[in-house]
Amino acid sequence: MSKLVARIKMLPSESDADIDSIPNILKETLPEGFKLLAHKKEPIAFGLYFLLADFTLDDSEGQMELLEESIRKVEAVGEIEVINVSRQSVSIK
């Protein structure tokens, strides 16, 4: 089965939410078959930040919805926006 990479933008639930804790929480709570590949904190304005993260998931029905639900369960996450979804490249040797 092929894998997808989803880039998701996560906005904090409140201005003082601990956005730095989100990646660690996600690594522990993501369902089997999902993986947090990379993440970075980006400024919005006036000291506020959002988190941009890449996840891998199986290319099958319902997986994207399950990923979104898992992210929304994190207390520090307010809103999410799916920026991009594409197939994961495979290196052939």
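Counting only the backbone N, which residues of the stretch 2-19 are under 17 Å from the spot 7 Å out from the Cα of F46 toward its beta-carbon?
Hits in the stretch 2-19 for F46 at 17 Å: 12-17.
When the helices in the chain are scored as -39500 (n - 2.57) per DSSP H run of 4 or longer and the sum is shared across all residues, what 222 nm value do you end up with, to the nearest 500 deg cm²/dmol? Display every interim value, and only then the final one.
On the way: 2 runs with 18 residues, N = 93.
Computed mean residue ellipticity for the chain: -5500 deg cm²/dmol.
Put a dot 7 Å past each Cα toward the Cβ at R87 and K73; how far apart are the dots in nm?
Result for the modelled spin labels: 3.1 nm.
Using only the alpha-carbon atoms, how far is helix 63-72 inclined from the longest principal axis of the chain? Give it as 0 to 90 degrees, nearest 10.
20
With a bin width of 10 angstrom, please list the P(r) values of the stretch 17-58 as percents of all Cα-Cα pairs, from the 0 bin to the one holding the largest distance.
26, 50, 20, 4
I'd like to check one number: the per residue accessible area of the stretch 2-93, probe 1.4 Å, reported in Å² as a whole number. Display every interim value, and only then the final one.
Numbers: 6090 Å² over 92 residues.
Here the per-residue accessible area is 66 Å².
For a quick check of your reading of the filter: which GluC sites (Glu not before Pro) in the stretch 1-55 sit in a DSSP loop and have no more than 13 other Cβ atoms within 10 Å?
Working: sites: E14, E28, E32; in loops: E14, E32.
Within the stretch 1-55, the qualifying GluC sites (Glu not before Pro) (loop, at most 13 other Cβ atoms within 10 Å) are E14, E32.
Using a 1.4 Å probe over the heavy atoms of the protein chains, calculate the carbon and sulfur portion of the accessible area of the chain as a whole percent. Working shown, then result.
Working: 2950 of 6260 Å².
The C+S portion of the solvent-accessible surface of the chain is 47 percent.
Kindly provide the chymotrypsin sites (Phe, Trp or Tyr not before Pro) of the stretch 19-93 that DSSP labels as loop, not H, G, I, E or B, and whose Cβ sees at most 10 other Cβ atoms within 10 Å.
Working: sites: F34, F46, Y49, F50, F55; in loops: F34, F46.
The qualifying sites are F46.
Could you point to the label whose value was computed as Kirkwood radius over Cα pairs in Å for the structure here, given (i) 12.7; (ii) 14.8; (iii) 13.7?
Looking at Kirkwood radius over Cα pairs in Å for this model, the match is (iii).
The values are calculated or read from the model by the stated rules, or taken from the named source; none is laboratory data. A quick note: this is a predicted structure, and the numbers were derived from the prediction, not measured. Here the Cβ is made from the backbone with ideal geometry for all residues, glycine too, and neighbour counts use every protein chain on show. Note: accessible area is taken over every heavy atom of the protein model, side chains too, but ligands, DNA and RNA are not part of it. Shrake-Rupley method; radii C 1.70, N 1.55, O 1.52, S 1.80 Å.
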